[in-house]
1. Please pick out the residue among Val574, Val546 that is within 16 Å of ligand 2 (Cβ to nearest atom), within 14 Å of Ile464 (Cβ to Cβ) and in a loop (DSSP other than H, G, I, E, B).
2. Among the candidates Ala161, Ala153, which residue alone is within 30 Å of Pro202 (Cβ to Cβ), outside any loop (DSSP other than H, G, I, E, B) and of a type outside the set (Asp, Glu)?
3. I'm checking my understanding of the structure. Among residues of the range 426-469 that are outside any helix (DSSP H, G or I) and hydroxyl-bearing (Ser, Thr, Tyr), which one is nearest to ligand 2 (Cβ to nearest atom)?
4. Need the failing condition index for Trp194 against (1) among the aromatic types (Phe, Trp, Tyr); (2) over 20 Å from Leu645 (Cα atoms); (3) assigned by TED's automatic domain parsing to the domain that holds Ala216, just the number.
5. Do you know which of the residues in the range 525-537 that are out of contact with any Leu (no Cβ under 7 Å at 6 or more places or on another chain) and over 14 Å from Met460 (Cα atoms) is nearest to ligand 1 (Cβ to nearest atom)?
6. State the number of residues belonging to the range 312-361 that are surrounded by 21 or more Cβ atoms within 10 Å (Cβ to Cβ) and within 16 Å of ligand 2 (Cβ to nearest atom).
7. Given (1) away from ligand 1 (no atom under 16 Å from the Cβ); (2) under 19 Å from Leu242 (Cβ atoms), identify the lone condition not met by Val384.
8. Inspect the range 329-340 for any residue being on the phi < 0 side of the Ramachandran plot, charged (D, E, K, R) and in contact (Cβ under 8 Å) with a residue 24 or more places away in the chain and give the result as yes or no.
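The values are calculated or read from the model by the stated rules, or taken from the named source; none is laboratory data. Quick caveat: nothing in here was measured; it's all calculated off a predicted structure. Positions of Cβ are generated from backbone atoms using ideal geometry, with glycine treated the same way; all protein chains shown enter the neighbour counts.
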Amino acid sequence: MPLAYDTPVTELPGVGPVKEKALAKLGVTRLGDFLTLYPRRYEDHTTLYPISSAPIGVNVCVRGYLTKPATLSRIPGGRQMVRCTIADDTAAIDLTFFNRPYVRNQLEWGRSYIFFGKLDLSRGRRTMVNPQLEPADAPKLFGSLMPCYPLSAGLNNAQVAAWAQTAVNTLAAPEMETLPPQVLTAHGLRDAEWCCRQIHRPDSFDHLQAARDRLAFEELFHLTLGLSLLRRSREQTPGTPLTAGDPADFSALLPFALTGAQNRVIGQCAADLSGTVPMNRLVQGDVGSGKTAVAAFCLWRCAKSGAQGAMMAPTELLAQQHYRTLRAMLEPAGVTVALLTGSLTPAEKKAIRAGLAEGEIQVVVGTHALLSHGVDFHDLALAVVDEQHRFGVDQRSALAAKGRCPHILVLSATPIPRTLALIVYGDLDVSVLDELPPGRKPVETFLVSESKRQRLYAFMDKQIVEGHQVYIVCPAVEESDAQEGDPTLKSVKAYADHLAKTVFPHRAVALVHGKLRPKEKEAAMASFAAGKTDILVSTTVIEVGVDVPNASLMVIENADRFGLSQLHQLRGRVGRGAWQSYCVLVSNNKNPDTRARLKTLCATTDGFQIAQADLEQRGPGDFFGARQHGLPQLHVADLGVDVRLLSRAQTAAQELLAQDPGLEQPEHAPLKHRLRQLFAQNAHMFN
Ligand code: ADP
Ligand code: MG
């Protein structure tokens, strides 16, 4: 059978059930999958160094001959060791080979070899351990850039490289091109076939770079185009205009005056909602900027217009809190609000499902339980997704699919740099709440070490005496988690116990963590919100969205364990009232980089600045990983570094769509076909 793109890897020589599994872990099940299994790096076998001038501490190629015969010896543990010394005209290197006894016979006296390995210095002598080697008069590796593939247990690089070459030799062809000729020309890009060959076996670093650039461009181009098409297809299906409910009447329902930013964003939402093109809007606002009020407006307007709205939150805690807030705001206006989470009893769930199906419930708040089979709406016209970064694009569409093209509102407190936002939220309009409610004082943040613990406890007590409450967040839940690795890692349970019994016996200390039953969590949170608990010890379950304005101090134990954006989220739990609030980062970590990272947080409360610092320090993985869910993977492009490429790809996509909005022209058929494959999970949204 001739090999083809869809040929299962098991047809390849050397792939049995074990290797098949190992390859599947890398996402490779068909021959064609090897084409996009890109090498992680390349070993440079192109430069031959004179030994005396070869750089120390890196992999290098050198040529040399034996200066005396190699010796074989046994070392403890039953291992075998071959040692020898090689030299060229400039200097010598001591070589050691572990468990490769055959090397002794391989190295012929008087013959010259090329060695590739990491050169080190030991007691003034050059050394190399386990280098690769080949005869200098018949080199195969030398002169090439050796691809190093991602591997999983049970695979070795030489095998994977060979299979990838088979794939390239069989499948690389002019037909694999999906980029229109004008895009290739305008952006000076090499063709697909050439790039496919070069990325797997580059002739030179320059060619490799050209191939890499094109492939990264292509990924970003596909992503941008796909998102635009998704958006277009959605905009072509009319939604329900929601026209009743004036913003001015809404503000009368609130216990506070809206900020300028809230008014502006509510105005934008009102305009979106009145139209037949469904709203598709992201509201980005730093923690505490009052995003819930914007959601409340949209849900209220939806109810006033006689339709149903749903709001989905990532945690049970948050869903409960929104439920309380929305009930307080909307029920006086005659809107029925319900809560649907996984922890309801079957009977409760049944009642709410019936209320939703019959249209008696106008607004429902819930967790992803809202997505369950059997949750049907009478007329869902608005879907709100809170803290979007916890959900994937596919979950957003799953909620939307419960209605007929409902309006969509997405709330996010993770401020992401603009370039990333364009990709991650490329299919959304963006509003920014860039103003905090009046009277807020920026949270003062301190970095302290263990030695300040007694002073910290005294400070906590002072906050409580002044009538405020304290959060303490720890990274681990169980004793066993805590003992792994870092002995000072605070286990919430043991720690809460210690605080309650020994340090603060005169205060009310409570505990929440992810392993509690939802009812227990709810009770603990409700008691904290009601001011009955002074100190709430918790894991990061309180990270997102929880709102208890009376809390004035956030203590974060082992702060170095958290990412900057996460710390910023945690800190956002305080500073929600008119009084001065504080955040104390406890860390004994002495690493200068870590301390610098944590200091960023002491220096600024600007979420965008912190997100930018996080991006620079840790790369975009965290921003992108979870959110990207449901979108095609980026194999080559790196959003942290390929910013210029991204904007070029976006321009190219816009130009193409301006000329052929639905990619209907025959010459764009291969491109459209590829997009369908890449966006397979969202394929129903292409027309
Ligand atoms: P986030 O944007 O982090 O979701 P919330 O919607 O939870 O913020 O609002 C944070 C706090 O600010 C809540 O206690 C809310 O009642 C309060 N709040 C929101 N808007 C205003 C406003 N315009 N004036 C005063 N307080 C406000
Ligand atoms: Mg919120």
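1. Exactly one of Val574, Val546 is within 16 Å of ligand 2 (Cβ to nearest atom), within 14 Å of Ile464 (Cβ to Cβ) and in a loop (DSSP other than H, G, I, E, B), namely Val574.
2. Ala161
3. Looking at residues that are outside any helix (DSSP H, G or I) and hydroxyl-bearing (Ser, Thr, Tyr), I get Ser431.
4. Only one criterion is unmet by Trp194, namely (2).
5. Within the range 525-537, the match that is nearest to ligand 1 (Cβ to nearest atom) is Ala529.
6. 13
7. Tallying (1) away from ligand 1 (no atom under 16 Å from the Cβ); (2) under 19 Å from Leu242 (Cβ atoms), Val384 fails exactly one: (1).
8. no
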